[in-house]
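The values are calculated or read from the model by the stated rules, or taken from the named source; none is laboratory data. Nothing here was measured: the structure is a model prediction, and the numbers come from that model. For neighbour counting, all protein chains shown are included, and Cβ atoms are generated from backbone atoms with ideal geometry for every residue, glycine included. Areas reflect the complete protein model, heavy atoms only, side chains present, ligands, DNA and RNA absent. Shrake-Rupley method; radii C 1.70, N 1.55, O 1.52, S 1.80 Å.
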Amino acid sequence: MSAPRRVGRVFARRSATGPPVDLVGSGKLDGSLIDWAFYRDGRRDERIGSYVDALTRARRGDGFVWIGLFQPNERQLAAIGAEFGLHPLALEDATEAHQRPKLEQYGDTLFAVLKTVRYVPHATMTATSEVVESGEVMVFCGPGFVITVRHGEHSALASLRQGLEKDPRRLAAGPGVVLHAIADHVVDSYLEVADQVQADIDQIEIEMFSPRGWRNIERVYQLKREVLELKRAVAPLTGPMRVLATGQHPLIADETRTYFRDVEDHLLRVKELVISFDELLSSILQAGLAQVQVAENEDMRRISAWVAIVAVPTLIAGIYGMNFDNMPELRWKSGYFVVLGAMAAACTVLYRLFKRNRWL
């Protein structure tokens, strides 16, 4: 039996026993449906204008349906789940969002969660600047269908769909190719964001080691928090990519598995970069704290030096200000000028001594 027919029978077994529900025409997906299409032999079949017809053909194994949703509510996902037999736990994750990147298998359906990231341009880095903005893409990949659920304005997949449609031979391999294309698209965005974050780190490193650079310590801490946001997207995804690159699943053809290995390689590269960013920012942060301590020590030495200089005339004035009758030198005609000269000389000697020792 051919692979499309085999997939079609599996889809027919696991779908609802009744006729397909027209989720598009009934308006159940209004407000969340971005695009849908039926693909046969890797080409978008424009002759299929009815969603019910497309779903019927997909169940027969003539192709597959790709539905794109944007931030659907619980009711809309429940309708999708009932039609395609999706697991309630996966539907709950897709509704709530803010999930950790993962790959789960429910029967013959794969459910993948990928975090998308976008670099937020900024003229200057401040202590409150947002550098990395994150979103999510959930993918239900099963026999005869692909359902993508997006959360976040920057997670659009329209250009990705158009790119796949230009390569019918590749798209003819089935839903697994769509899952790979989405993973590849997301990981490529990681690389782009990592390059831009690298530029920010280089700039703040230069500023930190400039005079009075410790004043930028809050900016370093903020950038470290943004790198942590990128790390939360990248690090947990390595496990799922490893499974897709090495595991066996009917939806993932051998050729597609090879492409997943390439995605895994890029992901590991990004992971290493993000880890190095985190370590570098920790070192810069420690250097900044050390600069603060050095600056405080220098200020204390300056204060101590001036206190010592001022203490000499204070001591002399205090001694000669005592009201004793029998004190020597009190009747000197030149005593006032001698005392002032002694004060000035002592202060000058102390000033030069502290200056030579770099206390002033």
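Counting just the residues of region 102-135 that are of a type in the set (Phe, Trp, Tyr) and closer than 17 Å to residue 80 by Cβ, which one comes out surrounded by the fewest Cβ atoms within 10 Å (Cβ to Cβ)? Step through it out loud before you land on a result.
First, the residues of region 102-135 that are of a type in the set (Phe, Trp, Tyr): 106, 111, 119.
Cutting the leftovers down to closer than 17 Å to residue 80 by Cβ gives us 106, 111.
Numbers: 106: 15, 111: 22.
Per the stated criteria, the residue is 106.
Could you count how many residues in region 140-171 are more than 22 Å from residue 91 (Cβ to Cβ) and in contact with a Ser or Thr (Cβ under 6 Å, 6 or more places away or on another chain)? Spell out the reasoning first.
Applying the first criterion (more than 22 Å from residue 91 (Cβ to Cβ)) to region 140-171 yields 153-154, 156, 158-171.
If we keep only those that are in contact with a Ser or Thr (Cβ under 6 Å, 6 or more places away or on another chain) as well, we get none.
Total satisfying the criteria: 0.
Looking only at region 89-109, filter to residues that are among the polar types (S, T, N, Q) and in contact with a strand residue (DSSP E or B) (Cβ under 8 Å, 6 or more places away or on another chain); which one of those is farthest from residue 140 (Cα to Cα)? Before you say what the answer is, go through the steps one by one.
Start the filter on region 89-109 by keeping residues that are among the polar types (S, T, N, Q), which leaves 95, 99, 105, 109.
If we keep only those that are in contact with a strand residue (DSSP E or B) (Cβ under 8 Å, 6 or more places away or on another chain) as well, we get 99, 105, 109.
Working: 99: 15, 105: 10, 109: 7 Å.
Looking at the filtered set, the residue picked out is 99.
Filter region 136-193 down to the residues that are small (Gly, Ala, Ser) and not in a loop (DSSP other than H, G, I, E, B), then identify the one that is most open to solvent (accessible area, probe 1.4 Å). Give the steps one after another, and end with the answer.
First, the residues of region 136-193 that are small (Gly, Ala, Ser): 142, 144, 152, 155-156, 158-159, 163, 172-174, 176, 181, 183, 189.
Still in the list and also not in a loop (DSSP other than H, G, I, E, B): 142, 158-159, 163, 176, 181, 183, 189.
Working: 142: 0, 158: 61, 159: 80, 163: 39, 176: 0, 181: 10, 183: 1, 189: 24 Å².
My answer is 159.
Restricting the search to region 63-97, which residues are aliphatic (A, V, I, L, M) and open to solvent by 10 Å² or more (accessible area, probe 1.4 Å)?
Our first condition is that a residue be aliphatic (A, V, I, L, M); within region 63-97, this holds for 65, 67, 69, 77-80, 82, 86, 89-91, 94, 97.
Listed by number, the residues that qualify are 78, 79, 82, 86, 89, 91, 97.
Hey, could you check region 327-359 for residues that are closer than 21 Å to residue 304 by Cβ and among the hydroxyl-bearing types (Ser, Thr, Tyr) and say which is modelled with the highest pLDDT?
The residue in question is 348.
Consider only pairs whose beta carbons are under 6 Å apart and that are at least six residues apart or on different chains; among these, list those whose first residue lies in region 68-90 and is within 18 Å of residue 51 (Cβ to Cβ) and whose second residue is basic (Lys, Arg).
From residues that are within 18 Å of residue 51 (Cβ to Cβ), the pairs are 70/150; 79/28; 85/14.
In the list 35, 45, which residue meets the criterion of being open to solvent by 20 Å² or more (accessible area, probe 1.4 Å) and of a type outside the set (Gly, Ala, Ser)?
Working: 45 fails: open to solvent by 20 Å² or more (accessible area, probe 1.4 Å).
The conditions single out 35.
Restricting attention to region 198-223, report how many residues are under 26 Å from residue 263 (Cα atoms) and open to solvent by 40 Å² or more (accessible area, probe 1.4 Å).
The initial filter retains those residues of region 198-223 that are under 26 Å from residue 263 (Cα atoms), namely 198-201.
Retained after the next criterion (residues that are open to solvent by 40 Å² or more (accessible area, probe 1.4 Å)): 198-199.
Result for region 198-223: 2.
Taking region 268-288 as the search range and keeping residues that are more than 13 Å from residue 190 (Cα to Cα) and of a type in the set (D, E, K, R), which one is surrounded by the most Cβ atoms within 10 Å (Cβ to Cβ)?
Only one residue fits best here, namely 278.
Can you spot a residue in region 290-300 that is part of a helix (DSSP H, G or I), polar (S, T, N, Q) and open to solvent by 50 Å² or more (accessible area, probe 1.4 Å)? It would help to see each step written out before you state the result.
Residues of region 290-300 that are part of a helix (DSSP H, G or I), as a first pass: 290-300.
From what is left, the residues that are polar (S, T, N, Q) are 291, 293, 297.
The next check asks that each one be open to solvent by 50 Å² or more (accessible area, probe 1.4 Å); those that pass are 293, 297.
So far as region 290-300 goes, yes, one or more of its residues are part of a helix (DSSP H, G or I), polar (S, T, N, Q) and open to solvent by 50 Å² or more (accessible area, probe 1.4 Å).
Scan region 305-357 for residues that are touching an Asp or Glu at 6+ places or on another chain (Cβ under 9 Å) and open to solvent by 70 Å² or more (accessible area, probe 1.4 Å) and jot them down. Steps first, please.
If we filter region 305-357 for residues that are touching an Asp or Glu at 6+ places or on another chain (Cβ under 9 Å), which is where we start, we get 320, 335, 338-339.
Those that are touching an Asp or Glu at 6+ places or on another chain (Cβ under 9 Å) and open to solvent by 70 Å² or more (accessible area, probe 1.4 Å): 320, 338.
Name the pairs: first residue in region 230-253 and charged (D, E, K, R), second residue outside any helix (DSSP H, G or I), Cβ to Cβ under 8 Å, at least 6 apart or on different chains?
Listed by first residue and then by second, the contacts come to 232/100; 232/115; 232/134.
Answer yes or no as to whether residue 23 is surrounded by 17 or more Cβ atoms within 10 Å (Cβ to Cβ) and either part of a loop (DSSP other than H, G, I, E, B) or modelled with pLDDT of 90 or more (or both). Don't jump to the end; show me each part of the working.
Values: surrounded by 17 or more Cβ atoms within 10 Å (Cβ to Cβ): yes; either part of a loop (DSSP other than H, G, I, E, B) or modelled with pLDDT of 90 or more (or both): yes.
Yes, satisfied.
Looking only at region 259-267, decide whether some residue is more than 24 Å from the chain's Cα centre (by Cα), surrounded by 13 or more Cβ atoms within 10 Å (Cβ to Cβ) and hydrophobic (A, V, I, L, M, F, W, C).
No, region 259-267 contains no residue that is more than 24 Å from the chain's Cα centre (by Cα), surrounded by 13 or more Cβ atoms within 10 Å (Cβ to Cβ) and hydrophobic (A, V, I, L, M, F, W, C).
Give me the residue from region 48-62 that is small (Gly, Ala, Ser) and without any contact (Cβ under 8 Å) to a residue 60 or more places away in the chain and, out of that set, surrounded by the most Cβ atoms within 10 Å (Cβ to Cβ). Explain how you work it out, then say what you get.
Keep residues of region 48-62 that are small (Gly, Ala, Ser), which gives 49-50, 54, 58, 61.
Those left that are additionally without any contact (Cβ under 8 Å) to a residue 60 or more places away in the chain: 49-50, 54.
Working: 49: 9, 50: 13, 54: 26.
The qualifying residue surrounded by the most Cβ atoms within 10 Å (Cβ to Cβ) is 54.
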